1. Determine, yes or no, whether LYS265 is touching an Asp or Glu at 6+ places or on another chain (Cβ under 7 Å), assigned to a loop (DSSP other than H, G, I, E, B) and more than 17 Å from GLU139 (Cα to Cα).
2. Would a scan of region 30-49 turn up a residue that is of a type in the set (Phe, Trp, Tyr) and closer than 23 Å to ASN246 by Cβ?
3. Tell me, yes or no, whether region 74-95 has at least one residue that is free of Cβ contacts under 8 Å to residues at least 40 places away in the same chain and in contact with a Lys or Arg (Cβ under 6 Å, 6 or more places away or on another chain).
4. Taking the conditions exactly as written (at pLDDT 95 or above, crowded, with 17+ Cβ neighbours inside 10 Å, in a loop (DSSP other than H, G, I, E, B) and among the aliphatic types (A, V, I, L, M)), does ILE273 satisfy them or not?
5. Quick test for you: out of PHE282, PHE219, PHE226, pick the one residue that is aromatic (Phe, Trp, Tyr) and within 26 Å of MET135 (Cβ to Cβ).
6. Scan region 164-193 for residues that are assigned to a loop (DSSP other than H, G, I, E, B), crowded, with 24+ Cβ neighbours inside 10 Å and of a type outside the set (S, T, N, Q) and jot them down.
7. Mind telling me which of the residues GLU91, GLU120 ends up being in contact with a helix residue (DSSP H, G or I) (Cβ under 9 Å, 6 or more places away or on another chain), assigned to a helix (DSSP H, G or I), more than 30 Å from LYS190 (Cβ to Cβ) and of a type outside the set (Gly, Ala, Ser)?
8. In region 242-270, what residues are free of Cβ contacts under 8 Å to residues at least 12 places away in the same chain and either more than 17 Å from ALA206 (Cβ to Cβ) or surrounded by 15 or more Cβ atoms within 10 Å (Cβ to Cβ) (or both)?
Amino acid sequence: ILNTMRKVRKASEEDMIEFNMRLLDEMLKKGYTTIEGKSGYGLERKAELKQLRVLKKLSQRHPIDIVPTFLGAHAVPPEFSSSKDYLKYLEEELLPEVKDYTEFVDIFCEKGVFEPEESEDFLKKAKEMGYKIRMHADEIENVGAVNLGVKLQAVSVDHLIMMDDESIEPLAKSDTVAVLLPGTSFFLGKSFAPARRILDEGGIVAIASDLNPGSSMIFDPSILAFLSVMKLKMKMEEFVASMTINSAFVLGLSDEIGTIEEGKKADLVLMDIPDYRALPYFTAQNRVRYVVKSGKVVCGR
């Protein structure tokens, strides 16, 4: 994170836009029409706002819609000696200002980064200011972050690799979505989140790429489908829902996108496969023929 932070602080907005436009082009070819984009690689006012401005400009210039999330609480930057001081800085200096760019706030709740108690205080302040909240939860160690997310009525809790069995039922009974990132587990050689148990208990699961320079550059939906079926033990119907309507719900857009029905935007992906269940069979082969965004073909081959 800190290595990327140094590069983001030095980069110009136009350089960041140029690089990410190319990446978005590749995502569009794979069938993405709406994504979330997080800040969190600036870790100080100017660079965090720069990332949020870049996300806004990218969304305006590219067919893919980008929903921004403020992740200033991603790590403690070298300018601060403690997480407590840094969170205070974020609360006083940045939370009031990023309201112009996003309605979502995230935090990396983890041992040695932002502990559960201080994460709770930070997220409560964000909620008081009108933000919807997310959490990086129980990725490296089980610190009770999933239960904290449920308690705070977070929109989503992400990762969940190390969540314990006792957290599954409360999560499944809540409206908090389990955002699982199988590409990251595979990329880092880690274990996989307990998707099957969450689903069997009635929980809501969304699958995301976690595309980032440090822990996963995997975003091909066919690879995510393969990992979800083979490692997360999901059915293909569950996978399709996890990357469409459930993901739309996480982004606050389930009234506009995520299903094919009257009154919603026609965001569609037409694929050269015999059946939706064949997607993981053709792993790492791009079978997308056409991508339709709001009723218009924006990508085709």
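The values are calculated or read from the model by the stated rules, or taken from the named source; none is laboratory data. Keep in mind that this is a model prediction, so the values were computed, not measured. We place every Cβ from the backbone using ideal geometry, glycine too, and count neighbours over all the protein chains shown.
1. Answer is yes for this residue.
2. Within region 30-49 (the criterion being of a type in the set (Phe, Trp, Tyr) and closer than 23 Å to ASN246 by Cβ), the answer is yes, since at least one residue qualifies.
3. Yes, region 74-95 contains at least one residue that is free of Cβ contacts under 8 Å to residues at least 40 places away in the same chain and in contact with a Lys or Arg (Cβ under 6 Å, 6 or more places away or on another chain).
4. So ILE273 fails the test.
5. Only one candidate passes the filter, namely PHE219.
6. Within region 164-193, LEU181, ALA193 qualify.
7. Going through GLU91, GLU120 in turn, the sole match is GLU91.
8. Those that are free of Cβ contacts under 8 Å to residues at least 12 places away in the same chain and either more than 17 Å from ALA206 (Cβ to Cβ) or surrounded by 15 or more Cβ atoms within 10 Å (Cβ to Cβ) (or both): SER254, GLU256, ILE260, GLU261, GLU262, GLY263, LYS264.
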